[in-house]
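No lab work stands behind these numbers, since they all come straight from the coordinates. Since this is a predicted model, take the numbers as computed values, not measurements. FYI the Cβ positions are ideal-geometry reconstructions off the backbone, even for glycines, and counts take in every protein chain you see.
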Amino acid sequence: MLTTTFFRHPSPHYPLTLCGGGSSKPKIAKLKLLAPQGERMPDRAGEGWRTPYRSGFITLISVVVAGAVGLAIALSILLTSSIFSKNMIVLQQSVQASAIADACTEEALLQVRSNAAFTGSGALALDSGSCTYLVAGAGSSRTVSATGTVSTVVRKTSVTIPNTSFFSATSSTWQEVGG
């Protein structure tokens, strides 16, 4: 009597073949599982089934991880360059506002130079911004305060003239003020 035991693999894609067999002695037929071409069957017990899909899965995970790292780097560069660009725009506007405030101060000094008793205010409108100035003081001393504005950036300057009768660049104090 020939006893045949069939073992079924979990996947329906593995055909079963019976090996051994034509003798009259009763024996258990050996079962041979044929793997599809290119696949390797387990050699030892407990080794597990290895398929070509496993290497594809590892490749897929590697590509996803590399893509995520590349995306993080690209976003970091984009964010950094965006912040840098905004800072450069504000810096440029700051320099322009300072120059406009200086222009207003010069205008106020021309007013004082042409009329030593001048006190009052004025304004200038330029292409990139605007400014206002105020000349205050009594007697022969004057203080000129000017404010230059470009977009939302504001710069202020102040010039103190101790004696308008001896008006010269060395006798005045010119400074940028905060606030």
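Think of the range 71-177 as having a plus end and a minus end, set by charges on the Cβ of Lys, Arg, Asp and Glu; of ALA125, ILE77, THR105, ILE77 sits farthest toward the positive end of this dipole.
For the listed peptides 56-64, 141-149, 123-131, a ranking on the average number of other beta carbons within 10 Å per residue, highest first, reads 141-149, 123-131, 56-64. Sorting 70-83, 96-109 by average packing, meaning the other beta carbons within 10 Å per residue, from highest down gives 96-109, 70-83.
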